[in-house]
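A.B. asks: Supplied in structure tokens, the structure appears directly below.
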Amino acid sequence: MTPAGAPAHVAIIMDGNGRWASARGLPRFEGHRRGVEALRRTVRASIDLGIRYLTVFSFSSENWRRPPQEIGDLMGLLKRFIRNDLAQLHASGVRVRILGSRQRLSSEIDGLLTEAENLTRDNTGLTLVVAFNYGSRAEIVQAAQRLALEVAAGRLPPEAITEEAFSARLGTADIPDPDLVIRTSGEMRLSNFLMWQSAYSEFVFTPCLWPDFDRPALEAAIAEFHGRDRRYGGLSRAGAVSGAVS
Ligand code: FPP
């Protein structure tokens, strides 16, 4: 938790752009476009609320299964987001981090992502982690491969493979685990997002479709988070008194 009482790390599965658009007889692209506006609002609200890390699931490694037109639209929106918003993010002290594989991305996108990270690397405000071409299983497999290579090379004894050593080889190595994971649109699954990192996160599922998400919706999710009793496998405060197991 931050001194301001906000969770330090909020991660969001931004879902429901397509349904938002079809409910209005609009093309799916319009839902994604309005989704970028919701992302802008959420970044601003996160800064105001004192959140330290905001991670957003922008393109999953499974999203390549969508029609080429829609993939092109999402790539185009990412390019526009970086080109239009990077200077403002930088001026607001936001540090941009990219999580996910750079394979399959065009050199143009790869360059823009690197530019965003490099420009903002020394900023000390909100860290905006953009999960793009990200999949949690692939990230976990890659961490296992890194450990295996170090063991095979004799640089790491097998007994040194601890939870900390494993975490240190994930893409999120120096980012704290999310306190709160929000998924919009009423779906209740993790969809290959931060599976290792969310072991003790609180989950809030809201029916709100992502293009409608705004500061009050974020505050409502945080209020729900504050109502939870985080036990990390131990006893709740009430349980500790009554002797009940967690
Ligand atoms: C889910 O909606 C959302 C996505 C697949 C991508 C999220 C993308 C954005 C918010 C805009 C792009 C932002 C950046 C920075 C690239 P859905 O299409 O799965 O909605 P549906 O389940 O209603 O069809």
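A.B. asks: Within segment 185-200, how many residues are away from the ligand (no atom under 14 Å from the Cβ) and buried (at least 21 other Cβ atoms within 10 Å of the Cβ)?
C.D. replies: 2
A.B. asks: Also, quick follow-up: Over 15 Å from the mean Cα position of the chain (by Cα) and assigned to a helix (DSSP H, G or I): which single residue out of M75, M1 fits that description?
C.D. replies: None of the other options fit; the residue is M75.
A.B. asks: Filter segment 12-37 down to the residues that are assigned to a helix (DSSP H, G or I), of a type in the set (D, E, K, R) and within 7 Å of the ligand (Cβ to nearest atom) and list them by number.
C.D. replies: Within segment 12-37, R19, R28 meet the criteria.
A.B. asks: Which one of these is away from the ligand (no atom under 14 Å from the Cβ), in contact (Cβ under 8 Å) with a residue 12 or more places away in the chain and either more than 22 Å from Y53 (Cβ to Cβ) or aliphatic (A, V, I, L, M) (or both): L126, L113, L156?
C.D. replies: Just one listed residue meets the conditions, L126.
A.B. asks: Quickly run through segment 38-72 and pick out the residues that are of a type in the set (D, E) and either part of a helix (DSSP H, G or I) or crowded, with 19+ Cβ neighbours inside 10 Å (or both).
C.D. replies: Of everything in segment 38-72, those that are of a type in the set (D, E) and either part of a helix (DSSP H, G or I) or crowded, with 19+ Cβ neighbours inside 10 Å (or both) turn out to be D48, E70.
A.B. asks: Of these, S92, S58, which one is within 28 Å of F225 (Cβ to Cβ), of a type outside the set (D, E), more than 11 Å from the ligand (Cβ to nearest atom) and in contact (Cβ under 8 Å) with a residue 12 or more places away in the chain?
C.D. replies: Of S92, S58, the one residue that is within 28 Å of F225 (Cβ to Cβ), of a type outside the set (D, E), more than 11 Å from the ligand (Cβ to nearest atom) and in contact (Cβ under 8 Å) with a residue 12 or more places away in the chain is S92.
A.B. asks: Restricting to segment 29-46, name every residue that is farther than 12 Å from D214 by Cβ, touching a residue at least 12 places away in the same chain (Cβ under 8 Å) and of a type in the set (D, E, K, R).
C.D. replies: R33
Read the figures in this text as sums done on the coordinates, not as results from a lab. It should be emphasised that the depicted structure is a prediction, and the values quoted were computed from it without experimental measurement. All Cβ positions, glycine included, derive from the backbone under ideal geometry; neighbour counts span all protein chains shown.
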